[in-house]
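Chemist: Questions regarding the structure given below will be posed in turn.
The values are calculated or read from the model by the stated rules, or taken from the named source; none is laboratory data. Keep in mind that what you see is a predicted model, and the values were worked out from it rather than measured. Counting neighbours? That spans all protein chains shown, and the Cβs are built from the backbone with ideal geometry, glycine included.
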Amino acid sequence: MANNSIKKTLMVALALCIVCSVVVSTAAVVLQPMQERNKELDRKTNILAVAELYEPGMDVGEAFKRLITPRVIKLETGEYTDRFDPQQYNQFEAAKDPAMSRTLSGEDDGAGIGREELYSTVYLVGDPEDPRQIILPIRGQGLWGLMRGFLALKGDGNTIIGLSYYSHSETPGLGAQVDNPDWKAQWDGKEVYADAGMKPEISLVKGGAESKYEVDALSGATLTSRGVTNMLHFWLSESGFGPYLARFHGNSEGA
């Protein structure tokens, strides 16, 4: 067959495509366990960091096992459940399953997530029955897409220790300032609820925060700032972790 024939050219191209597909598929299968381990390591690192427990060079897996207790709760009631293994349960996958989640729309979907899982994992520092810290997974729409992060509260279920996002697609230099250490430092000591109420008061404000319920908005990133406020109001209300956090209100030991 002549080298410049159309048939031979197509056969070579087809063979090359098959070889490349096999190589890519094999690499994906071989590397998947490593990718999953790295994702799990990153998740644990972020949880330790937002709780101000992370130290460079530490054995993250060992530190997480020693310092953090994951528990699964039913969001509607705020009660713990043994229905799922907290080491294996994935609320993000559950949110995709109609049998394990609920549809949100309109005013009910303040965070813009579309579906909310019925059960979620929380992470406790110290005695699980009387934790020093409570770490909550939160997510919601920013300007360009879904933002995922963790919020750490003291054991009173009200005082914020830290807020950190580990996944977002916000504009560099603007909305991406959610990664700025100076901005994140403002959250320490802020409070979520006023008095004994269950309505979240914490919010981002323009022009400078003036109260314990306010944090400076991100400069030039109005929609990202609004997204942060909306997702916090959603997850800290009765629609999210509100019923769970209510059990800790007034816990002076945790505070």
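Chemist: So for the stretch 182-205 (the condition being within 19 Å of P137 (Cα to Cα) and free of Cβ contacts under 8 Å to residues at least 12 places away in the same chain), does at least one residue qualify?
Modeler: Checking the stretch 182-205: at least one residue is within 19 Å of P137 (Cα to Cα) and free of Cβ contacts under 8 Å to residues at least 12 places away in the same chain.
Chemist: Just checking, which of R139, R83, R102 is in contact (Cβ under 8 Å) with a residue 24 or more places away in the chain and either acidic (D, E) or within 20 Å of G242 (Cα to Cα) (or both)? Explain how you work it out, then say what you get.
Modeler: Numbers: R83 fails: either acidic (D, E) or within 20 Å of G242 (Cα to Cα) (or both); R102 fails: in contact (Cβ under 8 Å) with a residue 24 or more places away in the chain.
After applying the criteria, what remains is R139.
Each row is one residue, and each column tells you yes or no for (1) closer than 27 Å to W183 by Cα; (2) exposed (fewer than 13 other Cβ atoms within 10 Å of the Cβ).
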site: D42; (1), (2): yes, no
site: M58; (1), (2): yes, no
site: Y80; (1), (2): no, no
site: D85; (1), (2): no, yes
site: Y89; (1), (2): no, no
site: A99; (1), (2): no, yes
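Chemist: Separate question: Out of contact with any Asp or Glu (no Cβ under 9 Å at 6 or more places or on another chain) and within 25 Å of F248 (Cα to Cα): which single residue out of P137, P98 fits that description? Talk me through it step by step, then tell me what you get.
Modeler: On the way: P98 fails: within 25 Å of F248 (Cα to Cα).
Checking each option against the conditions leaves just P137.
Chemist: Cβ-Cβ distance below 6 Å, separation of 6 or more or different chains: which pairs start in the stretch 227-244 with a residue that is more than 11 Å from K199 (Cα to Cα) and end on one that is at pLDDT 95 or above and assigned to a helix (DSSP H, G or I)?
Modeler: So the pair list comes out as G240/F234; F241/W235.
Chemist: Do the conditions hold for T159, that is, is it of a type in the set (S, T, N, Q) and within 17 Å of E52 (Cα to Cα)? Write out each step before concluding.
Modeler: On the way: of a type in the set (S, T, N, Q): yes; within 17 Å of E52 (Cα to Cα): yes.
Against the criterion (of a type in the set (S, T, N, Q) and within 17 Å of E52 (Cα to Cα)), T159 qualifies.
Chemist: Which one is surrounded by the most Cβ atoms within 10 Å (Cβ to Cβ), of the residues in the stretch 132-152 that are out of contact with any helix residue (DSSP H, G or I) (no Cβ under 8 Å at 6 or more places or on another chain) and under 18 Å from A63 (Cβ atoms)?
Modeler: If we take residues in the stretch 132-152 being out of contact with any helix residue (DSSP H, G or I) (no Cβ under 8 Å at 6 or more places or on another chain) and under 18 Å from A63 (Cβ atoms), then Q133 is surrounded by the most Cβ atoms within 10 Å (Cβ to Cβ).
Chemist: Which numbered condition in (1) in contact with a Phe, Trp or Tyr (Cβ under 8 Å, 6 or more places away or on another chain); (2) in contact (Cβ under 8 Å) with a residue 60 or more places away in the chain; (3) of a type outside the set (S, T, N, Q) is the only one that V215 fails?
Modeler: (2)
Chemist: Another one. Do you know which residues across the stretch 108-129 are assigned to a strand (DSSP E or B) and either hydroxyl-bearing (S, T, Y) or touching a residue at least 60 places away in the same chain (Cβ under 8 Å) (or both)? Can you show your working first?
Modeler: In the first step, residues of the stretch 108-129 are kept if they are assigned to a strand (DSSP E or B); the result is 115-117, 119-125.
Those that are assigned to a strand (DSSP E or B) and either hydroxyl-bearing (S, T, Y) or touching a residue at least 60 places away in the same chain (Cβ under 8 Å) (or both): E116, Y119, S120, T121, V122, Y123, V125.
For (1) surrounded by 17 or more Cβ atoms within 10 Å (Cβ to Cβ); (2) at pLDDT 95 or above; (3) small (G, A, S), each residue gets a yes or a no:
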residue	(1), (2), (3)
S203	yes, yes, yes
A209	no, no, yes
V215	yes, yes, no
N251	no, no, no
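Chemist: Go through the stretch 62-107 and give me each residue that's among the hydrophobic types (A, V, I, L, M, F, W, C), farther than 20 Å from G155 by Cβ and assigned to a strand (DSSP E or B).
Modeler: none
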